[in-house]
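The values are calculated or read from the model by the stated rules, or taken from the named source; none is laboratory data. Quantities reported herein were computed from a predicted structural model and do not represent experimental measurements. Every residue, glycine among them, receives a Cβ derived from its backbone with ideal geometry; neighbour counts consider all protein chains shown. To get the accessible areas, we keep the full protein, side chains included, count just its heavy atoms, and leave off ligands, DNA and RNA. Shrake-Rupley method; radii C 1.70, N 1.55, O 1.52, S 1.80 Å.
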Amino acid sequence: ELNAMRIPGVRFDATTRAGAASAAKWGGQTIPMIRLTVTDRNALNPTVATLRLLQVIRARHPNELQWRESIDRLFGSERAKRAVDAGEAAVTALIADIARESREFERATRAYHLYR
């Protein structure tokens, strides 16, 4: 499903990993995982890849994905969490907003760049 989204610069593969027996959570159990392989670092937009990954996890495991406070700090606001909870249209809109905001920031700060 994630690879069908054709997110530039990344490939997703299902895999498993055995947890360390001493681990506090899932100790000694084999757990399913998603391996992300960067295929083109210049094409990859980590924010898009992360939002799409969270979107799919939320859709597949709506009752199991639990947000922690750190997600708001990592994204800089509650926008990512709210978009993922709202579904694909909200995630797509957030990605467009972030792209627009990034272009605006680039234009506003261009005069202050030391290297071009």
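Selection of region 40-60 for residues being surrounded by 12 or more Cβ atoms within 10 Å (Cβ to Cβ) and over 17 Å from Ala83 (Cβ atoms) yields only Leu44. Of the helices (runs of 4 or more DSSP H) contained entirely in region 60-116, those carrying at least 2 residues that are touching a residue at least 40 places away in the same chain (Cβ under 8 Å) fall at 88-109.
For (1) in contact (Cβ under 8 Å) with a residue 12 or more places away in the chain; (2) in a strand (DSSP E or B); (3) within 18 Å of Glu88 (Cβ to Cβ), each residue gets a yes or a no:
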{"site": "Ala4", "(1), (2), (3)": "no, no, yes"}
{"site": "Phe12", "(1), (2), (3)": "yes, yes, yes"}
{"site": "Ser22", "(1), (2), (3)": "no, no, no"}
{"site": "Leu36", "(1), (2), (3)": "yes, yes, no"}
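Restricting attention to region 61-86, the residues that are open to solvent by 40 Å² or more (accessible area, probe 1.4 Å), of a type in the set (Gly, Ala, Ser) and within 20 Å of Ile7 (Cβ to Cβ) add up to 1. Residues in region 1-19 that are over 26 Å from Ala99 (Cα atoms) and open to solvent by less than 60 Å² (accessible area, probe 1.4 Å): Asp13, Thr15, Gly19.
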